Amino acid sequence: MKKTFGMLLACLFGLAPLASLASDMAERIKPCEACHGNQGRAGPDGYYPRLAGKPAGYLYNQMQNFSQDRRHYTMMRRMMAPLSPQYQREMADYFASLQIPYLPPSLKNTAPSSAQMARGKQLALLGDPASDLPACNTCHGKNLMGSQTNVPSLLGLPSAYLGAQLSAWTLGERTTVAPDCMSDIAKHLSADDAAAVTGWLAAQTVPSKSTSNKPNRAPENLRCGSAPELHGALK
């Protein structure tokens with residue numbers, strides 16, 4: 001653990017870029033494991049998300065977003081900035097290849113009410129056309145486990161993390177290449193709806209066959225720059 005912590009500090013303060021570490025992938029990802037858990041299973045505090053099994057394109061895009069200041073978190077930006085795109089892609093491919101079982105959902109003091117659960121389920125699976133909100137499974141896959149190659153799963157994540165990401169999209173602290181559909185969607189969500197959908201998603205058990213799948217057909221007016229398989233080539 002001391003070795004991992006020392007490597008993490010070195011990366012953060014520019015003493016030893018990640019790219020200078022051993023070429024063996026198990027060594028490369030040790031700084032990631034300091035926050036994201038063993039093999040990227042997720043951090044124990046619920047804030048640092050799971051990396052294992054996420055679509056490689058999505059993971060690579062997020063590394064690029066941190067590197068290019070479209071996503072703001074100082075620790076990640078400092079760790080990603082020295083790495084070449086090829087190096088980042090190799091790491092993304094590695095994490096995507098790790099098919100590790102998920103833990104059951106933990107709802108410590110955050111269990112939604114029955115009304116919140118019903119509303120959250122509606123938003124996740126059906127959307128709300130009156131509020132111009134597409135269903136989450138429109139892009140994130142029929143089972144909400146992501147759609148290859150660039151859209152992540154929404155299950156197996158705590159509500160606090162999901163809520164923080166929605167807030168980041170709303171406030172412009174998290175962006176992606178244009179057209180940025182998640183920013184538009186987040187800005188249409190009320191605080192109550194955001195709490196309902198994140199609470200419902202966090203309460204779901206990850207299906208045993210937890211692989212990514214194809215998205216549903218997206219509405220014609222929904223175009224996402226991070227999802228080329230939905231809306232054309234990534235810009």
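For the stretch 128-134, 3J(HN,Hα) computed residue by residue from phi via the Karplus equation (6.51, -1.76, 1.60; θ = phi - 60°) reads 9, x, 4, 9, 6, 10, x Hz, glycine and proline entered as x. Over all other residues within a Cβ to Cβ distance under 14 Å of Phe95, the charged ones net out to +3, with Lys and Arg as +1 and Asp and Glu as -1. Karplus-derived 3J(HN,Hα) values for the stretch 182-197, using 6.51 cos²θ - 1.76 cosθ + 1.60 with θ = phi - 60°, are 5, 4, 5, 5, 4, 6, 8, 7, 6, 4, 5, 5, 4, 5, 5, 6 Hz; glycine and proline are entered as x. The fewest-to-most ranking of Trp200, Trp169 by surrounding Cβ atoms within 10 Å reads Trp169, Trp200. Footprinting exposure proxy ranking of Met79, Met117, fewest other C-beta atoms within 10 angstrom first, gives Met117, Met79.
The percentage of C-alpha pairs in the stretch 138-199 whose separation is greater than 18 Å is 36%. Neighbours of Gln116, meaning other residues whose beta-carbon lies under 13 angstrom from its beta-carbon, give a summed charge of 0 when Lys and Arg score +1 and Asp and Glu score -1.
Between the stretch 51-73 and the stretch 149-181, the alpha-carbon centres lie 11 Å apart. Here Asp180, Asp69 are placed in order of increasing Cβ neighbour count within 10 Å, fewest first, which gives Asp69, Asp180.
All of the numbers you see were taken from the coordinates with simple rules; none came from a lab. Keep in mind that this is a model prediction, so the values were computed, not measured. Neighbour counts run over all protein chains shown; Cβ positions are idealised from the backbone, glycine included.
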